[in-house]
1. What distance in nm lies between label points placed 7 Å from Cα along the C-beta direction at B:LYS147 and A:LEU281?
2. Treating only the Cβ of Lys, Arg, Asp and Glu as charged (+1, +1, -1, -1), what charge dipole size does segment B:266-306 show about its Cα centre? Round to the nearest 20 debye.
3. Report, for C:GLY13, each distance to the same residue's label point in the other copies, shortest first and in nm; define the point 7 Å along Cα→Cβ.
4. Which distance in nm do the two modelled labels at B:LYS4 and A:HIS268 give, with both placed 7 Å along the Cα-to-Cβ direction?
5. Just to be sure I understand the model, the point goes 7 Å from the Cα along the line to the Cβ. What's the resulting A:SER249 to A:ALA164 distance in nm?
6. In whole Å, largest first, what are the principal axis extents of the Cα atoms in the protein assembly as shown?
7. Using protein chains only and a probe of 1.4 angstrom, how many square angstrom of C:ASP297 are accessible, to the nearest 10?
8. A drop of at least 50 square angstrom in accessible area, chain alone versus all protein chains together, probe 1.4 Å. Which residues of segment B:199-246 meet that?
4 protein chains.
Amino acid sequence: MTGKLRFGVLGAGRIGKIHIENLVNRIPGVQVVALADVAAQEREAVAARFGIGKTFADYREMLALPEVDAVAICGPTNLHYQMIVDAAARGKQIFCEKPIDLSLEKVQAANQEVARRGVRMLVGFNRRFDPNFLKVREIVAGGKVGKPHFLRITSRDPAPPPEAYIRASGGIFLDMTIHDFDMARYLMGSEVSEVYTRAAVLVDPVFEKAGDWDTAVVTLTFENGAFGSIDNSRKAVYGYDQRVEMFGSGGMVTVANNTPDAHILADHAGIHTALPLNFFLERYAESYLREMRAFVDAVVDGTPVPVGGEDGFKAAAIALAAARSARENRPVKLSEIHQGVAAECPVS
Amino acid sequence: MTGKLRFGVLGAGRIGKIHIENLVNRIPGVQVVALADVAAQEREAVAARFGIGKTFADYREMLALPEVDAVAICGPTNLHYQMIVDAAARGKQIFCEKPIDLSLEKVQAANQEVARRGVRMLVGFNRRFDPNFLKVREIVAGGKVGKPHFLRITSRDPAPPPEAYIRASGGIFLDMTIHDFDMARYLMGSEVSEVYTRAAVLVDPVFEKAGDWDTAVVTLTFENGAFGSIDNSRKAVYGYDQRVEMFGSGGMVTVANNTPDAHILADHAGIHTALPLNFFLERYAESYLREMRAFVDAVVDGTPVPVGGEDGFKAAAIALAAARSARENRPVKLSEIHQGVAAECPVS
Amino acid sequence: MTGKLRFGVLGAGRIGKIHIENLVNRIPGVQVVALADVAAQEREAVAARFGIGKTFADYREMLALPEVDAVAICGPTNLHYQMIVDAAARGKQIFCEKPIDLSLEKVQAANQEVARRGVRMLVGFNRRFDPNFLKVREIVAGGKVGKPHFLRITSRDPAPPPEAYIRASGGIFLDMTIHDFDMARYLMGSEVSEVYTRAAVLVDPVFEKAGDWDTAVVTLTFENGAFGSIDNSRKAVYGYDQRVEMFGSGGMVTVANNTPDAHILADHAGIHTALPLNFFLERYAESYLREMRAFVDAVVDGTPVPVGGEDGFKAAAIALAAARSARENRPVKLSEIHQGVAAECPVS
Amino acid sequence: MTGKLRFGVLGAGRIGKIHIENLVNRIPGVQVVALADVAAQEREAVAARFGIGKTFADYREMLALPEVDAVAICGPTNLHYQMIVDAAARGKQIFCEKPIDLSLEKVQAANQEVARRGVRMLVGFNRRFDPNFLKVREIVAGGKVGKPHFLRITSRDPAPPPEAYIRASGGIFLDMTIHDFDMARYLMGSEVSEVYTRAAVLVDPVFEKAGDWDTAVVTLTFENGAFGSIDNSRKAVYGYDQRVEMFGSGGMVTVANNTPDAHILADHAGIHTALPLNFFLERYAESYLREMRAFVDAVVDGTPVPVGGEDGFKAAAIALAAARSARENRPVKLSEIHQGVAAECPVS
């Protein structure tokens, strides 16, 4: 490949802006040449701020540009599938935010289209690129905790999203826990075979109205015989709580939360330190950058992406199993979830 | 009550010695006047070391002594029931190590006998008296974490017990996790209504031979709507890992492990601190002392004991539910366990 | 001011590149239009990488460009004075790396020139912009530790600089401790009135050959009656150690070191965490960015710079007092240092 | 030696009671047979509580008892000298609280008398027996921080003592810092050769009225070429602050404060942990016990005491040098202090 890798971005919202800023300011060898979003005002403001030359209301027009080498799909989840299919049809390299889709069949179909068209697709499980979790994975993979026995993930948001977001989110497991499911697979280096979930509405009745939950605890059984436990809450008043702990035959590794500073204040009332970085934009700023660099590197070098459609499929399948388990209060095997899908559109 | 409270101790083993040492050296207003144990050599050695005047091979002879006001039952679990019944029949105040019995029916029966005889019985869930867990309970009860949503208990032993111990232990849930079940009830201030357990043998095949497990993860549902998760291992190579975390609408409280010292060493390889205090004798030394003081205070003041037979019953019931859940891989309601028992011998 | 603030950078070395990268990639509203450095290869490589249009071997030619609004002086210390004087004469706004000069007289003269020409000069005590130290200052200024009594600064480098650097550095106090002297003034909010220093060569004999020290402990007396203590080493094998602690009538605030990640590994040998970020480029990356933003904001808004020539003068004076104290093993009053200078070129 | 080691205790005050309780309840093989104190009420109350058979208003009568093998001198400092001389004359083994005396000549004379009489004397620098500081010493002595370069001691009391205590204390250096001077010698494994001190009254004017200081910072130069820095305050509102840090060519070791529990509370306002154990009785409970055990072991085994009169002498000499340095604002060599003393009563 000669010259810069040219990006077209689909979506000028919150997450789109993060990726644009990283592409424009922090990643050498790339260029953002086009931006598509139906919201004209936001689209033009973002384009102006980052010097993006071409803008489109209809993303399909942008995909028709021959100079677009790669796309970053940052639109609403319900458009991801079609955007992937259209981009793949145009031969574009694809970065897609998670989840690929709320339906496992469409995830599968999108992956098959990507494979058929011979393009790369990195799915935005950005936390895999966080320095803390990378370190945990490095320690686990290096055998420093021996054979894994138990994985704990604590993942709590600082505050619930707006009601409209909740209603479109696919529910806590497909929206929030899906990150933890991906993290579980990544850290354990083994697939999940069974899920048991308990969920409730303890934070805000709005979740009940939306047919969703705000609090959950999930037990995972892995194919390697180890167990996992994930606990979620949509509201931790002390901020964004993102911790993992892997326990094994040779030891344990855990990560503390990141804080804006490392101060320790001692007064008559106690010893006080800073709250965690408050939400994902701050907490995972570095991981968004590293994830996009990884995508660019894979495209430029022609190497496989470190997290792909298969990963998107598997995390979604666990999420669906978790939701079913919560509804039916029984352990659900992943094979039960995979079955229906695999029948018509088998994973390659 | 005038004069000192006079104790007879049943059992001169490891835990018996702890209680004797606390009674003799650290608790004012008490006296250990007699010791019973079938093992003559150990019994006489302990009696000599602590200046205990009378010793018996048969504990019933000791119970016949009118000068014995209170007993500390520290014998093997399978004798607890009979010892309680016999001590209660003699009107002795009873401190009994946990568990009361491996059978819920006998726990029930023992409690009824204690009630009928009008004596007090403190059941040795010593961890309730640990400064760390007391502090957590104080914070939770004081509303500092708001309404509880989720409780996490991590409880890992440094190394498995001998095979003989395992075979007589009643299994991981009645032997080890029972402490965590009691802690869960204590910290949550609410009863457990349902249990789901995943268990495996990952540490040592000896557990499989004994029909037991060495690794477990338990999901608890509480009557107040909150959830809990307990993870156990019989072997943490870094030592005795005893942590809890309570998350609620107003915040979170957690406790770190206790260490023998507070040193921090920085060298070219990293920052290093001390491992946890290695096992329960060191870790819970303070709690054993406080628990016995609480028993003595309750007896002397004629006040209720802070943890009694009812607590022993309930923790055992959860343990039995957990074991059934692990065997059958399904959530088990506590009502299912209570039912059979309650039919014949209802809890007062 | 209309349009972008246009920078000319003097020096394409290590620190010059940091400032250029921040100006080009992370600070909106600025442009780097020119770069001067005698080293042709480095200069051209940097210019190419960051798209800087004009390059010069002689910085004076660059200063002659009318389109250069502001300069960043990142050359060797012995050129700072002349560069400041020349830039001020051209009416350029000045960012200058510390120290201004090794001679107090020349620092004074440079400051006077800046004042006379009516330009702004921010002196690069970047640590003032570090989130940790900003937080400490905020806490101290907010009265949360009451009236300050004692300040401790621990400042240790991971490894000694090359011999050539040492010989040109002005010695440990003007090169390394000067940051701590500025930090002391900043955190205490009071001037240093007296210094006592003990210094030695314990790390590497190369310091002795250069007439310098590698280890020092400094006692500061402040005008507000508080004391301070600084300890320095040129070699901490565990990495860059940058901590401060302010103790006062109402409490204490301290900051821990920053680490690349927040992992905690427990194995049979102990509990292990990450070493500090290894040196100033990593540790203070954020502070370099914030410092330059502060300079740009001051220039654009026409407000005073947060750290100026006066601060450069005072930190240098303390450094000279410290060196004299170390040589003569006696407390040295700042008035003793200021005297000679003040006679000829009084601070405004 | 056959039978128990029989103690006579001189002084039934706060520190006397600590030692009596340890001797009576926690140290096997010893007996407290007699107690001397001029304050009748306290003396008799303590004797009754701990079952001490004989009590005396005049300690000399107690020393006349042949059954007293060893004495614990816990009276006021101004009586220590005479008590040591009298006890040594009777051939008693001596445990003596620090300081031996406020005059170096009398310290010297007491030591000589002890040596002449052939008895053992352990001087109560209890902190040497604290698990934290023992660990630091073990790490330093084991070479894990390489060659020591710098020692930092932070030692702050939670609140000033009463005025009467201050007036009799000998001043901050002989009363408070003396512990730190002993700790410095112990941890460094090298003697102090020079002291520079800055001191002030920042906490309470009562110290000024008593001709004393409440805040001090001391620079130590050791014979091995390393430096040390001690900072003291009579009032840390957050509690008893007792930390040390040893930095060397191979790393650093430090110790955190001890806390009553290990809880961590996170709420909307921050992360909060427990304050340090509040004062020396709680903080150093373990060290008082270990120190007395070490004394008993040395006497019983006929081995040297781990901290003796020589240590008492040296710590006092540093304290006197520190006071002189503070008064005269100049570095003071230890040789200057030793000189006058050594002339008449040389240290053996």
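1. That separation, rounded to one decimal, is 3.0 nm.
2. 40
3. Counterpart label points of C:GLY13 in the remaining copies fall at 5.0, 6.2, 7.3 nm.
4. 4.3
5. 5.4
6. Projected onto the principal axes, the Cα atoms of the protein assembly as shown cover 100, 90, 43 Å.
7. Surface open to solvent at C:ASP297 totals about 80 Å².
8. B:LEU202, B:VAL217, B:THR219, B:PHE227, B:VAL237, B:TYR238, B:GLU245
The values are calculated or read from the model by the stated rules, or taken from the named source; none is laboratory data. Please read all numbers here as calculations on a predicted model, not as lab measurements. Here Cβ is always computed from backbone atoms with ideal geometry, including for glycine, and neighbour counts include all displayed protein chains. Protein only, heavy atoms only, side chains kept; ligands, DNA and RNA dropped before computing areas. Shrake-Rupley method; radii C 1.70, N 1.55, O 1.52, S 1.80 Å.
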